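Since the structure comes first, as structure tokens, the remarks are kept for the end.
The values are calculated or read from the model by the stated rules, or taken from the named source; none is laboratory data. Quick caveat, the model's predicted, so the values are computed rather than measured. So basically every Cβ, Gly included, is an ideal-geometry build from the backbone, and we count neighbours across all protein chains shown.
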Amino acid sequence: MKKNKQDSRRNFIKKSVIASSIMIVPRNVLGGPGYIAPSDQLNLAAIGSGGKGASDISNASVQGRERVVALCDVDFSGSASRTAKKFPKAKQYADYREMLDKEKDIDAVTISTPDHIHGPAASFSMMRGKHVYVQKPMTHNISEARLLTKMAREHKVVTQMGNQGGSNPLLNMVQNWIDTDAVGAISDVKIWTNRPVWPQGVSMPNPNPSMKPDALNWDLWLGPAKDKLYTPNMHPFSWRGWWDYGTGALGDVGCHLIDIPFRTLGLKYPTAAECSVGSVFTEMWNPDYLPEGCPPSSLITINFEATQKSKSPIQMSWSDGGIRPPHPEIIPPNSDIGGNDSLNGVLMIGEKGIISTNINDSSPLMPKLYLYDGSTDFGPEVEEMIEPEYGHQRKWVDACKAGFNSKEHLNLTSSFDYAGPMTETVLMGNLAIRSFMLREEKSNGKMDYFARKKLLWDGENMKITNMEAANQFVTRDYRKGFTL
């Protein structure tokens, strides 16, 4: 908030009391129980007001405790229209840049757009001193994540990424198993998901401007991506499977699943990554080549050095497209691994046993401990959520009001100091996938997929050291007006 304005108001009240000796009536008498003076409210704005943006700005408003002053969306004819009805006093904009330049009193923004907008919108907001809540993944590429992490410190703004499971108190149960050495040194982590559940591994639809909805501002939807005629089925959700806009299954749920071992094991930058991907054959012996989009499935292996939480190097494997790891012998054969029907999950495999959890979004975490001595410890399979999404947005709002480096800020579970490196790890998987598709024609006319190697990563310098061509995916090209 604007602290100088608030302090001036408080000083004025104090001087008025001294000068007039008038007794000040408590606010709760004037406004009723729970009354909050306008000067104590945060001025919030949403960049992306439909879909997940609707719940983000609603939860950040804390049932009307805070003031929503502006809404931005490229299409107010869809689900964003319901958000506009919920906050009728909020001014509406299509362009977040215009909104932030005109609405000077905005204190904080929620950013819930397609992935490719996250970095530019967050950068633009932080440069103007706005606190930011950014949906997962924090950014579209590794370079953006590193830059935003640095900017948050430089501009002294309070940040939070929208992996709400990070605020799930049941994570403490998993953390305790690791901290008490219940499973011993963990060297193997297996993560899987049933995503994608949207079109992926297929050809991108052809542009067709005649199909563009009248209410959609397609140019602003493209944002930093290269200029292109309207393409059906990108907005509002199917953009996830295309590299120009989305980050695939990893970007969708990687920040919910990878967060569990990354947080509880105290992981840092990875040291290496490699992958293989599922192929689709519409012609005999000739796999479809669709580098503009994510594959139908992938298997990614990421390596980490030993940590204080686990004394051995860690190999993390990620599989998507419904491919899951084999059922560990220690877990009863009729029991799910991970979550319900084993659709998503995490296995942390140690010397003494295995920790199994579900995806950690707003689904039940379902933590389970299986030890080789036959003992077990299970968390609840049904969670009682006292406030929406474990209070993830509300805690960010409270931290914004308390200020940068306050106790509330330092207690956030996904401020950019944590979310930045974790997002970089998630996006390292996508760097491996995109490198896997690099090819060049040989003299005999055949294609050489030259980057299908184990990629060595220098985290501090943000660079693949053994395959220069792979470094093109550390960042991206930006259209004018949307650079960071």
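Go through (1) under 23 Å from GLY266 (Cβ atoms); (2) without any contact (Cβ under 8 Å) to a residue 60 or more places away in the chain; (3) not charged (D, E, K, R) for ALA145 and report which single condition fails.
(2)
Only one residue in HIS392, HIS327 is assigned to a loop (DSSP other than H, G, I, E, B) and at pLDDT 95 or above. Which one?
Details: HIS392 fails: assigned to a loop (DSSP other than H, G, I, E, B).
Going through HIS392, HIS327 in turn, just one is assigned to a loop (DSSP other than H, G, I, E, B) and at pLDDT 95 or above: HIS327.
Which numbered condition in (1) in contact with a helix residue (DSSP H, G or I) (Cβ under 6 Å, 6 or more places away or on another chain); (2) under 23 Å from GLU387 (Cα atoms) is the only one that SER61 fails?
With respect to (1) in contact with a helix residue (DSSP H, G or I) (Cβ under 6 Å, 6 or more places away or on another chain); (2) under 23 Å from GLU387 (Cα atoms), SER61 is out only on (1).
Would a scan of region 471-478 turn up a residue that is within 26 Å of SER319 (Cβ to Cβ), in a helix (DSSP H, G or I) and more than 20 Å from the chain's Cα centre (by Cα)?
Yes, region 471-478 has at least one match.
With the structure loaded, tell me whether TYR230 is crowded, with 16+ Cβ neighbours inside 10 Å and more than 21 Å from the chain's Cα centre (by Cα) or whether it fails that test. So that I can check it myself, show each step before the final result.
Details: crowded, with 16+ Cβ neighbours inside 10 Å: yes; more than 21 Å from the chain's Cα centre (by Cα): yes.
Against the criterion (crowded, with 16+ Cβ neighbours inside 10 Å and more than 21 Å from the chain's Cα centre (by Cα)), TYR230 qualifies.
So SER238 clears everything in (1) within 24 Å of the chain's Cα centre (by Cα); (2) at pLDDT below 95; (3) under 30 Å from LYS446 (Cα atoms) except one condition, right? Which one?
Going through the list (1) within 24 Å of the chain's Cα centre (by Cα); (2) at pLDDT below 95; (3) under 30 Å from LYS446 (Cα atoms), SER238 breaks only (3).
Can you name the number of the only condition in (1) touching a residue at least 60 places away in the same chain (Cβ under 8 Å); (2) over 30 Å from ASN466 (Cα atoms); (3) not aromatic (Phe, Trp, Tyr) that GLU424 fails?
(2)
Quick check: is even one residue across region 220-235 aromatic (Phe, Trp, Tyr), touching a residue at least 40 places away in the same chain (Cβ under 8 Å), outside any loop (DSSP other than H, G, I, E, B) and farther than 26 Å from ALA432 by Cβ?
Of region 220-235, the ones aromatic (Phe, Trp, Tyr) are 221, 230.
Then drop every residue that is not touching a residue at least 40 places away in the same chain (Cβ under 8 Å), which leaves 221.
Now narrow it down to the ones that are outside any loop (DSSP other than H, G, I, E, B): 221.
Filter once more, keeping what is farther than 26 Å from ALA432 by Cβ: 221.
Scanning region 220-235, I find at least one residue that is aromatic (Phe, Trp, Tyr), touching a residue at least 40 places away in the same chain (Cβ under 8 Å), outside any loop (DSSP other than H, G, I, E, B) and farther than 26 Å from ALA432 by Cβ, so the answer is yes.
Okay, residues lined up against (1) in contact with a Lys or Arg (Cβ under 7 Å, 6 or more places away or on another chain); (2) at positive phi; (3) touching a residue at least 40 places away in the same chain (Cβ under 8 Å):
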| residue | (1), (2), (3) |
| --- | --- |
| LEU265 | yes, no, yes |
| PRO270 | no, no, yes |
| GLY278 | no, no, yes |
| ASN286 | no, no, no |
| ILE300 | no, no, yes |
| SER310 | no, no, yes |
| ASP320 | yes, no, yes |
| GLY338 | no, yes, yes |
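Hey, among the residues in region 122-139 that are small (Gly, Ala, Ser) and farther than 17 Å from THR475 by Cβ, which one's surrounded by the fewest Cβ atoms within 10 Å (Cβ to Cβ)? Can you show your working first?
Applying the first criterion (small (Gly, Ala, Ser)) to region 122-139 yields 122-123, 125, 129.
With farther than 17 Å from THR475 by Cβ added as a condition, the list becomes 125, 129.
Numbers: SER125: 26, GLY129: 12.
Top of the filtered list is GLY129.
Can you name the residue in region 399-423 that is under 23 Å from HIS116 (Cα atoms) and among the polar types (S, T, N, Q) and, of all such residues, is farthest from the chain's Cα centre (by Cα)? Step through it out loud before you land on a result.
Restricting attention to region 399-423, the residues satisfying the condition of being under 23 Å from HIS116 (Cα atoms) are 414-423.
Within this subset, residues satisfying the condition of being among the polar types (S, T, N, Q) are 414-415, 423.
Numbers: SER414: 9, SER415: 11, THR423: 7 Å.
Per the criteria, the residue is SER415.
List the strands (runs of 3 or more DSSP E) inside region 1-106, counting only whole elements, that have at least 1 residues being modelled with pLDDT of 95 or more and touching a Cys at 6+ places or on another chain (Cβ under 9 Å). Break it down stepwise before answering.
Working: elements: 43-47, 67-72, 91-93.
Per the criteria, 43-47, 91-93.
Only one of these is in the same structural domain as GLY119 (by TED's automatic domain parsing), among the β-branched types (Val, Ile, Thr) and not in a helix (DSSP H, G or I): VAL197, VAL189, VAL202, VAL157. Name it. Break it down into steps so the answer makes sense when it comes.
Working: VAL197 fails: in the same structural domain as GLY119 (by TED's automatic domain parsing); VAL189 fails: in the same structural domain as GLY119 (by TED's automatic domain parsing); VAL202 fails: in the same structural domain as GLY119 (by TED's automatic domain parsing).
From the options VAL197, VAL189, VAL202, VAL157, the qualifying one is VAL157.
Which residue out of LEU456, LEU431 is outside any loop (DSSP other than H, G, I, E, B), over 19 Å from the mean Cα position of the chain (by Cα), hydrophobic (A, V, I, L, M, F, W, C) and not assigned by TED's automatic domain parsing to the domain that holds ALA145?
On the way: LEU431 fails: over 19 Å from the mean Cα position of the chain (by Cα).
From the options LEU456, LEU431, the qualifying one is LEU456.
Give the residues of region 375-422 that are of a type in the set (A, V, I, L, M, F, W, C) and either surrounded by 15 or more Cβ atoms within 10 Å (Cβ to Cβ) or on the phi > 0 side of the Ramachandran plot (or both), sorted by residue number.
Within region 375-422, TRP396, VAL397, ALA399, CYS400, ALA402, PHE404, LEU412, PHE416, ALA419, MET422 meet the criteria.
Which condition number does GLU305 fail, the rest of (1) among the acidic types (Asp, Glu); (2) surrounded by 15 or more Cβ atoms within 10 Å (Cβ to Cβ); (3) within 26 Å of LYS268 (Cα to Cα) being met?
(2)
Looking at region 61-86 only, could you name the residues that are under 22 Å from VAL158 (Cβ atoms) and surrounded by 22 or more Cβ atoms within 10 Å (Cβ to Cβ)? Give the steps one after another, and end with the answer.
First, pick out the residues of region 61-86 that are under 22 Å from VAL158 (Cβ atoms): 61-72.
SER61, GLU66, VAL68, ALA70, LEU71, CYS72 - these are the residues of region 61-86 that are under 22 Å from VAL158 (Cβ atoms) and surrounded by 22 or more Cβ atoms within 10 Å (Cβ to Cβ).
Scanning for something of a type in the set (Gly, Ala, Ser), out of contact with any Pro (no Cβ under 8 Å at 6 or more places or on another chain) and either modelled with pLDDT of 95 or more or outside the structural domain of LEU265 (by TED's automatic domain parsing) (or both), does region 311-320 turn up at least one residue?
Here is the first cut: in region 311-320, the ones of a type in the set (Gly, Ala, Ser) are 312, 317, 319.
Retained after the next criterion (residues that are out of contact with any Pro (no Cβ under 8 Å at 6 or more places or on another chain)): 312.
Narrowing the set further to residues that are either modelled with pLDDT of 95 or more or outside the structural domain of LEU265 (by TED's automatic domain parsing) (or both) leaves none.
No.
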